[in-house]
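Notes to accompany the following structure.
The values are calculated or read from the model by the stated rules, or taken from the named source; none is laboratory data. Predicted model only: the values in this text are computed from it and were never measured. Cβ atoms come from the backbone with ideal geometry, glycine included; neighbour counts cover every protein chain shown. Accessible surface areas use protein heavy atoms only, side chains included; no ligands, DNA or RNA. Shrake-Rupley method; radii C 1.70, N 1.55, O 1.52, S 1.80 Å.
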Amino acid sequence: MARIRTIKPEFFRHEALFEAEQSDKLPLRLAYIGLWTAADKEGRFKWQPRALKLDCLPYDSCDFSRVLDALATRGFIQKYEHEGQFYGFI
């Protein structure tokens, strides 16, 4: 279930996230904000790219698996497995 979250103004000056977005040509900043609303209060979410895309970027035509992988590769999120299920952590 989506959560109400707030974004601090400094987020929009996050240089590394901006550079990653420009490099990968993916909507990483908006997706990252969207993941905060999809995650629980500890920052965990089920690693389900299709469902997360509906929560974060429903109108964008992008492969959300690539978005998640790009965020994980650069250390913005972490992917882990628990009891055969994959999860992410912000």
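Report yes if some residue within the stretch 58-68 is touching a residue at least 40 places away in the same chain (Cβ under 8 Å), under 18 Å from F89 (Cα atoms), surrounded by 11 or more Cβ atoms within 10 Å (Cβ to Cβ) and among the hydroxyl-bearing types (S, T, Y); otherwise report no. There is no residue in the stretch 58-68 that is touching a residue at least 40 places away in the same chain (Cβ under 8 Å), under 18 Å from F89 (Cα atoms), surrounded by 11 or more Cβ atoms within 10 Å (Cβ to Cβ) and among the hydroxyl-bearing types (S, T, Y).
Scanning the stretch 10-45 for residues that are acidic (D, E) and either part of a loop (DSSP other than H, G, I, E, B) or open to solvent by 80 Å² or more (accessible area, probe 1.4 Å) (or both) turns up E10, E15, E19, D40, E42. Restricting the search to the stretch 46-57, which residues are open to solvent by 40 Å² or more (accessible area, probe 1.4 Å) and among the aliphatic types (A, V, I, L, M)? Answer for the stretch 46-57, where residues must be open to solvent by 40 Å² or more (accessible area, probe 1.4 Å) and among the aliphatic types (A, V, I, L, M): A51, L54.
For the stretch 69-90, taking the residues that are out of contact with any strand residue (DSSP E or B) (no Cβ under 7 Å at 6 or more places or on another chain) and part of a helix (DSSP H, G or I), the one that is surrounded by the fewest Cβ atoms within 10 Å (Cβ to Cβ) is identified as T73.
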